[in-house]
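Heads up: the structure comes next, in C-alpha cells.
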C-alpha cells in the first residue's frame, strides 16, 4: 500500500513534464532548472549567494538593469552586445543541426568558420569597397567558402567513403595552420599580433552608433540569423529537398530503396551545413572582432554542437537555446566582478545544462512507464 | 633524422593507447567522441594528485610521475562512468553524450584548477606545473644505425604503453571477453542469446577507454606540455578517433596510423628547422600529417566499415 502511495507521489511530482505533446519544450526547461539548482549548490558551497550571482548574470547580459552604467552605456547596449555574440552561435548551431538531420556529424564548424572568415577578410575586408556593396559581398563570400568546404566533406564521404568526422577534423587542422601561415606572412598587425583590422564598411556589426545619448553596437547579422532559421525550418519541414535529407538521415538504406539519391543528398546537406558555418564565420570574425587571431580555432564551433542538441536540432529551438547559452556566456564577466565568483563557473553551468538535457530520452521513457503504471493502479483500485 | 624518430614515437604512442581505448568502446557498439574529455580529466586528476602529494611530502614533482599516471588512469575511468551511464543506462544519444562530456571536462577542470590553486596554494594560476618526466637510453642498442634512435631518450611511459598495448591486443582478439566485446558491436542479440549481458560488456568497454585515455592524457601532460592547463585539450582525442577510423577499427592498422601522425608531425618540424625558414613556415609544415592522412584515406577507405551496431542503443526486443 505504501509503495503504491509513493509511486503516485512520484507520478504527481512529474506533472510538469507529463504531457507528451509539450515534452520537447518541458524537458529542456526542466534540465535548465535542475542545472541552475546544481550550480546554486556549488555557489553556496563556495560561500556566495546564488541568487545574487544569477541576478548579476542576467544584469551582465543586459536582461536586467545594472545599478550603474558607464557613459553612453545602458541596458540596451548590453542587450545588443548579447545579440551580437549570439548571432554566430545561431548560424553555427543551424549548421550542426542540418548535418545532423542528414545523419552527418559536422565537427568541422570551427574550421569552416575560420576559412570563410579569412577569405571574406582578405577579399572584402581590406578592399575599401563601399558599405552597400561590401556587406552583402562579405555574406556571399562567407556562404560560398563555407559551402565549398562543407561540400568537399560530403563529396569525400560519398565518393571515397571517408568518414566525415575524420575529414572535418583534418580540415580543421589544415585550415588552422594554413591560415595562420598567411596571416603571419601578409596580414599581421605587429602590435596586436592578429590580422590587421578590416575596414568599417565591411563589418557586419555597426560599432559605436550614437543614438539618443547611447553608443551601441548594432549586429546586422542578427535579423538575418532569425530569418535563416525560419527558412531552414521551412526547407526541412515543407520541401522535397528537406524530406529527402531527413530520409537519408534516419535510414540510409531505406532511403536508397525508395529511390532517393543518397550521395547527392549527403553532399547537398554538407553544402548547406558548410554555408551556414560560413555565415557563422563572417558574423564572428567580421562582426564583433574585425580581426582574426592566428592559430586559434574558436570553441564556438564545438559549443554549437551542444547548443543544436539542446534545441532538439530544431531551428526555432536553436534560437532559444543559443539565447540562453549566450546569456550565461556574456553575463559571466559581470557576475565574476560583482559576486566574486570565478568566471569559469559559467561554462560549468552550460556543461550541466547539456548533461541533463542529454538524459531527455531517458526521462521521456521513464515518464511514459510511470504513466502506464499509474493507469494500472487506477484500474486495480476501481 | 634521429629526432624525427624520437619525437615521433613519443607523440604517437600516447595517441595509440588512447585510440586503443576508442577501439574497445566502439567495437562494443558505443560511439566514443568523449576521448578528448577523458584524457583531459584523467590528466587533471593525475596532475592534481601529483601536485598535492608532492606538496605534502616535499618530493620533487618530476618524481611523482608514476603516482600521477596511476591516478590519471583512475580519474579517466571515473569520468568515463558518465558516458557509460548516459549512453547505456539512460539510453542517451551517444554522440550527444560524447560532446557534452568534452565540454563538461574542459569547463570543470579549468574551473577546479583555478579554484584549487587559489584555495590550497593561494596562487592565482590556471595550471599545475609538472615538468618533464625523465628519459633513459639503452646504451647497448642505441648505437645501431637508424633504429638505434628508438632506444634513445625514451620516456618510461613509452615502455608502459607498449606493454599495455600488447596486453590489450591479446584481450581483444584472443580471449572470450574480447570475442564477446566485438560481438556486442556487430550483433548484440547473439551475445544476449548466449546468456551474456550486453550492457555489462559495453559498460566495461567504455571504462577501459576512459582508463587508457587518462593514461594518454597524463603522458602528454608530462612530456609535450610539461604542465596541466586547459592547453591539454589540443584535440588529440579527436586525432585518436581519426586514427582508429583510419585503422578500420583494428589495433595494428591503427598503430600504423598513429605512427604516421607522429612521424609526419616530427618530420614536418624537422624539415622546417633544417631549411632554416622563418618561423611562420613551420605552420605550413604542420599540416603535413593531416594532408597525408586525407590523401591516404582516399585510397584506403573504400573497404572501411564501422562495427554494425555502432551507436545503436541495444534493444532486447529488436530482431
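The values are calculated or read from the model by the stated rules, or taken from the named source; none is laboratory data. Owing to the predicted nature of the structure, the values given are computational and were not obtained by experimental measurement. Here the Cβ positions follow ideal geometry from the backbone for every residue, glycine too, while neighbour counts run over all protein chains shown.
Listing for the model above:
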read-out: Residue that is more than 11 Å from chain A (Cβ to nearest Cβ) and under 19 Å from residue B:235 (Cα atoms), where the choices are B:71, B:41; value: B:41
read-out: Residue A:368 touching a residue at least 60 places away in the same chain (Cβ under 8 Å) and surrounded by fewer than 24 Cβ atoms within 10 Å (Cβ to Cβ); value: yes
read-out: Residue match in the range B:97-118 (condition: more than 11 Å from chain A (Cβ to nearest Cβ), at pLDDT 80 or above and surrounded by fewer than 16 Cβ atoms within 10 Å (Cβ to Cβ)); value: no
read-out: Failed criterion for residue A:341 (all others in (1) surrounded by 22 or more Cβ atoms within 10 Å (Cβ to Cβ); (2) in a helix (DSSP H, G or I) hold); value: (2)
read-out: Selection within the range A:336-363 - within 16 Å of residue B:114 (Cβ to Cβ) and within 7 Å of chain B (Cβ to nearest Cβ); value: A:342, A:344, A:345, A:347, A:348, A:351
read-out: Breaking point among (1) surrounded by fewer than 23 Cβ atoms within 10 Å (Cβ to Cβ); (2) at pLDDT below 90; (3) part of a helix (DSSP H, G or I), for residue A:178; value: (2)
read-out: Filter pass, residue A:158 being closer than 26 Å to residue A:299 by Cβ, out of contact with any strand residue (DSSP E or B) (no Cβ under 9 Å at 6 or more places or on another chain) and either part of a helix (DSSP H, G or I) or within 11 Å of another protein chain (Cβ to nearest Cβ) (or both); value: no
read-out: Any hit, the range B:146-163, residues being assigned to a loop (DSSP other than H, G, I, E, B), over 18 Å from the mean Cα position of the chain (by Cα) and free of Cβ contacts under 8 Å to residues at least 12 places away in the same chain; value: no
read-out: Cβ pairs under 6 Å, 6+ apart, first in the range A:193-209 and within 18 Å of residue A:296 (Cα to Cα), second crowded, with 17+ Cβ neighbours inside 10 Å; value: A:194/A:291; A:195/A:183; A:195/A:187; A:195/A:291; A:195/A:292; A:196/A:187; A:197/A:290; A:197/A:291
read-out: Criterion (free of Cβ contacts under 8 Å to residues at least 12 places away in the same chain, within 22 Å of residue A:279 (Cβ to Cβ) and facing chain B (nearest Cβ under 10 Å)) met by exactly one of A:166, A:178; value: A:178
read-out: Subset of the range A:121-136 (residues that are in a helix (DSSP H, G or I) and within 15 Å of residue A:200 (Cβ to Cβ)); value: A:121, A:124, A:125, A:131, A:132, A:133, A:134, A:135
read-out: Total residues in the range A:295-306, condition more than 10 Å from chain B (Cβ to nearest Cβ), surrounded by fewer than 24 Cβ atoms within 10 Å (Cβ to Cβ) and under 22 Å from residue A:144 (Cβ atoms); value: 2
read-out: Subset of the range A:30-48 (residues that are within 20 Å of the chain's Cα centre (by Cα) and either loosely packed, with under 15 Cβ neighbours inside 10 Å or under 16 Å from residue A:336 (Cα atoms) (or both)); value: A:33
read-out: Residue A:227 vs. criteria in a helix (DSSP H, G or I), in contact with a strand residue (DSSP E or B) (Cβ under 9 Å, 6 or more places away or on another chain) and over 30 Å from residue B:303 (Cα atoms); value: no
read-out: Answer residue from the range B:54-66, given it is buried (at least 16 other Cβ atoms within 10 Å of the Cβ) and at pLDDT 80 or above and is farthest from residue B:132 (Cα to Cα) among those; value: B:54
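Matching residues to (1) touching a residue at least 12 places away in the same chain (Cβ under 8 Å); (2) touching a strand residue (DSSP E or B) at 6+ places or on another chain (Cβ under 7 Å):
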site: A:41; (1), (2): no, no
site: A:48; (1), (2): yes, no
site: A:66; (1), (2): yes, no
site: A:70; (1), (2): no, no
site: A:75; (1), (2): yes, no
site: A:80; (1), (2): yes, yes
site: A:89; (1), (2): yes, no
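Listed here are the residues, each with its yes/no results for (1) crowded, with 21+ Cβ neighbours inside 10 Å; (2) within 23 Å of residue A:81 (Cβ to Cβ).
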residue: A:277; (1), (2): yes, yes
residue: A:285; (1), (2): yes, yes
residue: A:293; (1), (2): no, yes
residue: A:310; (1), (2): yes, yes
residue: A:331; (1), (2): yes, yes
residue: A:355; (1), (2): yes, no
residue: A:361; (1), (2): no, no
